[in-house]
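Each remark here refers to the structure printed beneath this line.
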Amino acid sequence: GRFCFKGLPADAFSLQVVPPRDRMADWVGKDVKATVQTGQTVRDVTIPVGKGAIFEVVARDGETNDLIEGAWIYVSQEANFGRHSCYVKSVIADAGGSARFRVPEGKCSISAGSRNYNYYRSAEPITVVKGKVTKHHIQLERHPSVSGIVRNKNGQPVASVAVASKPVCEQAVRTNADGRFEVSWRRRSSIRKKFLLAQDAQRNLAGLVEFKDESQPVDIRLEPAFTLKGQVADPDGKGIAMASISLWASLPGWSTNVGEQVFTDAKGFYQISAVPPPQPDFSYSIGANAKGYGPLSLSKITFGDDPANPVEIDAIVLPPANQSISGVVVDSEDELAAGVPIFLAGPSGSRTTGQPRRVTVTDAQGRFLIDRICRGPLRLQANFGSSPGGSGFLDAQGGDKDVKIILGQEGIHRPHVSLVGKPLPELKDCKIDLSSTDAGDKMILVCFFDMEQRPSRNCIMRLAKQAEQLKQRGVTVVVIQASKIDENTLNEWVKKYNIPFPVGIVQGDVGKNRFAWGVRSLPWLILTDHEHIVRSNGFSLAELDEKIQSAEK
């Protein structure tokens with residue numbers, strides 16, 4: 001009855017009893033908390049187990065009350081420690097629609113589903129009692145469905161033809177020996193038009209029919225279908241083997257796949273068969289994806305009048321994924337954000353064009369590096385919208401470095417003109433005139449900010465608290481409003497919060513001035529040495545002490 005986990009990071013853990021996969025558990029128990037410190041071995045952890053209670057769940061059709069054989073049923077309980085903990089795995093209901101579980105006594109939650117049925121989740125937990133059998137019935141709502149017959153051009157039924165509902169289909173079905181079928185789909189209020197797609201790839205036949213009344217059988221006639229041919233290549237024109245090709249149809253408000261994926265041959269060529277001619281509300285696009293490259297989709301496909309003539313698709317040239325992007329994530333207080341998930345997609349968040357999907361997480365210093373991406377536009381998302389601080393978004397380019405994502409904000413990473421190693425530009429252009437007494441041979445810290453943004457205001461407030469300490473270290477601080485604002489409003493804010501630094505404001509074209517100073521996000525810090533040569537820029541307030549020490553050398 002002993003166990004051992006090795007190589008754990010320092011953290012608090014929930015130890016749980018996991019039931020067997022092929023039968024009901026003999027023993028069950030609640031989870032136990034164990035906290036591990038670096039370099040420490042935690043010994044003799046005991047997890048009490050017992051026979052618990054028997055929980056039997058029976059699944060029935062919500063309309064007919066028939067038992068549902070093969071439904072999957074999942075029972076979970078609230079954990080003693082941490083998030084919801086599932087003590088019992090999913091179980092497939094038997095011929096009587098029943099699934100039996102051994103669970104610790106207490107409150108249980110149920111999730112369930114089955115093919116052609118909606119997902120079910122219990123509204124309230126069910127209490128089970130130790131030593132007793134608790135039986136509970138659930139009802140699943142059946143998906144809408146439609147039936148019909150697939151026929152050839154002579155009106156004869158055709159067996160083994162794939163039929164799917166579009167745009168939403170649980171799974172394509174095959175017609176039986178009499179050519180009959182029944183397909184179902186998930187109910188969606190946003191579906192404005194529904195189609196049935198029948199495909200016989202072996203004979204290159206297809207049928208596409210719009211239907212409105214689910215209660216009436218649908219007759220689908222197979223007609224000669226089109227074949228699409230093309231090649232996937234790299235920028236040098238060399239074919240890419242084993243690239244996956246997907247054909248998509250655009251419907252009002254939806255995009256849906258047409259048939260199964262195909263793959264390119266050793267020279268990058270592919271062929272898609274059984275494609276029905278496009279209709280006004282059923283037009284096509286094609287997408288390609290390959291390891292080591294970014295995905296790409298083409299929406300312009302020109303069909304001819306005769307299905308006997310293959311449709312030749314322009315070569316799909318995939319961009320190589322040989323670039324990287326690096327940077328830092330900070331919160332609204334400009335503090336480095338460690339352990340934050342980061343998601344990379346194509347421009348405007350596209351999943352099908354320009355960039356492969358990538359996921360990483362920031363390290364202890366809030367920094368990240370994502371490699372194997374393509375040159376060109378991309379979008380970064382840091383954190384989830386429901387997480388503390390919210391999500392941060394940044395539009396950037398493959399190959400960019402030192403980008404900065406601010407949680408709760410959207411931004412654009414612009415090409416950087418670094419001032420590091422160059423004399424500090426004239427501050428008079430920002431309506432700041434430092435006398436020789438103020439500047440002299442002191443280091444200068446410039447903070448570009450936006451009074452209307454919380455992170456910027458917070459940065460200025462924190463600098464103000466350090467004003468005397470910075471002065472003693474020989475650092476002169478100036479702050480510059482980097483966005484258009486009424487000067488009187490700015491002056492009132494400075495007076496209200498007793499900002500002890502000279503405050504300027506960017507003049508003329510804000511975008512050009514910020515670019516000239518290399519400002520990529522706000523707040524933006526620039527630090528010079530005693531000779532007013534820029535030594536650091538774009539760092540966080542948490543790094544200021546380190547940057548000052550470096551500039552003093």
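The values are calculated or read from the model by the stated rules, or taken from the named source; none is laboratory data. Owing to the predicted nature of the structure, the values given are computational and were not obtained by experimental measurement. Every residue, glycine among them, receives a Cβ derived from its backbone with ideal geometry; neighbour counts consider all protein chains shown. Note: accessible area is taken over every heavy atom of the protein model, side chains too, but ligands, DNA and RNA are not part of it. Shrake-Rupley method; radii C 1.70, N 1.55, O 1.52, S 1.80 Å.
Considering each of ALA164, ALA201 in turn, give the residue that is of a type in the set (A, V, I, L, M) and either more than 12 Å from VAL258 (Cα to Cα) or surrounded by fewer than 21 Cβ atoms within 10 Å (Cβ to Cβ) (or both).
Result: ALA201 is the single residue among ALA164, ALA201 that is of a type in the set (A, V, I, L, M) and either more than 12 Å from VAL258 (Cα to Cα) or surrounded by fewer than 21 Cβ atoms within 10 Å (Cβ to Cβ) (or both).
Here are the criteria: (1) aliphatic (A, V, I, L, M); (2) under 30 Å from PRO104 (Cα atoms); (3) open to solvent by 10 Å² or more (accessible area, probe 1.4 Å); (4) part of a strand (DSSP E or B). Tell me which single one ILE138 does not satisfy.
For ILE138, the exception is condition (3).
How about the stretch 72-110: which of its residues are modelled with pLDDT of 80 or more, open to solvent by less than 50 Å² (accessible area, probe 1.4 Å) and not aliphatic (A, V, I, L, M)?
SER76, GLN77, GLY96, GLY97, SER98, PHE101, ARG102, PRO104, GLY106, CYS108, SER109, listed by residue number.
This table checks each residue for (1) free of Cβ contacts under 8 Å to residues at least 24 places away in the same chain; (2) of a type outside the set (S, T, N, Q); (3) in contact with a strand residue (DSSP E or B) (Cβ under 6 Å, 6 or more places away or on another chain).
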| position | (1), (2), (3) |
| --- | --- |
| ILE373 | no, yes, yes |
| GLY392 | no, yes, yes |
| ASP400 | no, yes, yes |
| ALA439 | no, yes, yes |
| LYS442 | no, yes, yes |
| LEU445 | no, yes, yes |
| SER456 | no, no, yes |
| LYS465 | yes, yes, no |
| GLN469 | yes, no, no |
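For the stretch 114-128, how many residues are loosely packed, with under 13 Cβ neighbours inside 10 Å and assigned to a loop (DSSP other than H, G, I, E, B)?
Number of matching residues: 4.
For the stretch 100-138, enumerate the residues that are farther than 30 Å from ALA172 by Cα, of a type in the set (A, V, I, L, M) and in contact (Cβ under 8 Å) with a residue 12 or more places away in the chain.
VAL103, ILE126, VAL128, VAL129, VAL133, listed by residue number.
State the number of residues belonging to the stretch 170-202 that are assigned to a strand (DSSP E or B) and aromatic (Phe, Trp, Tyr).
So the answer is 2.
Out of all the residues in the stretch 14-33, which are under 13 Å from PHE81 (Cβ atoms), assigned to a loop (DSSP other than H, G, I, E, B) and open to solvent by 60 Å² or more (accessible area, probe 1.4 Å)?
Hits for the stretch 14-33 are GLN16, LYS30.
Might you check whether a residue that is open to solvent by 30 Å² or more (accessible area, probe 1.4 Å), part of a loop (DSSP other than H, G, I, E, B) and over 14 Å from MET443 (Cβ atoms) occurs anywhere in the stretch 461-474?
No, the stretch 461-474 contains no residue that is open to solvent by 30 Å² or more (accessible area, probe 1.4 Å), part of a loop (DSSP other than H, G, I, E, B) and over 14 Å from MET443 (Cβ atoms).
For the stretch 420-460, which positions are among the hydrophobic types (A, V, I, L, M, F, W, C) and modelled with pLDDT of 90 or more?
The answer is VAL420, LEU424, MET443, ILE444, LEU445, VAL446, CYS447, PHE448, PHE449, MET451, CYS459, ILE460.
Give the residues of the stretch 34-69 that are exposed (fewer than 14 other Cβ atoms within 10 Å of the Cβ), under 26 Å from ILE92 (Cβ atoms) and of a type in the set (Asp, Glu), sorted by residue number.
Answer for the stretch 34-69, where residues must be exposed (fewer than 14 other Cβ atoms within 10 Å of the Cβ), under 26 Å from ILE92 (Cβ atoms) and of a type in the set (Asp, Glu): GLU63, ASP66.
Yes or no, residue by residue, for (1) closer than 20 Å to LEU205 by Cβ; (2) touching a Pro at 6+ places or on another chain (Cβ under 9 Å); (3) outside any loop (DSSP other than H, G, I, E, B):
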{"position": "ILE245", "(1), (2), (3)": "no, no, yes"}
{"position": "ILE272", "(1), (2), (3)": "yes, no, yes"}
{"position": "SER283", "(1), (2), (3)": "no, no, yes"}
{"position": "ALA308", "(1), (2), (3)": "yes, yes, no"}
{"position": "ILE325", "(1), (2), (3)": "no, no, yes"}
{"position": "VAL329", "(1), (2), (3)": "no, no, yes"}
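Say we look at the stretch 139-167 and pick out the residues that are in contact (Cβ under 8 Å) with a residue 60 or more places away in the chain and among the polar types (S, T, N, Q); which of these is nearest to ARG100 (Cα to Cα)?
GLN139
For the stretch 380-443, which fully contained strands (runs of 3 or more DSSP E) count at least 3 residues that are open to solvent by 20 Å² or more (accessible area, probe 1.4 Å)?
So the answer is 392-398, 410-412.
Within the stretch 361-374, is even one residue part of a strand (DSSP E or B) and either polar (S, T, N, Q) or farther than 15 Å from PHE343 by Cα (or both)?
No, the stretch 361-374 contains no residue that is part of a strand (DSSP E or B) and either polar (S, T, N, Q) or farther than 15 Å from PHE343 by Cα (or both).
Of the numbered conditions (1) in contact (Cβ under 8 Å) with a residue 40 or more places away in the chain; (2) more than 29 Å from GLY131 (Cβ to Cβ); (3) assigned to a loop (DSSP other than H, G, I, E, B), GLN40 satisfies every one except a single condition; which is it?
The single condition GLN40 does not satisfy is (1).
May I ask you to list the residues in the stretch 3-13 that are free of Cβ contacts under 8 Å to residues at least 24 places away in the same chain and either charged (D, E, K, R) or assigned to a loop (DSSP other than H, G, I, E, B) (or both)?
PHE3, CYS4, PHE5, LYS6, GLY7
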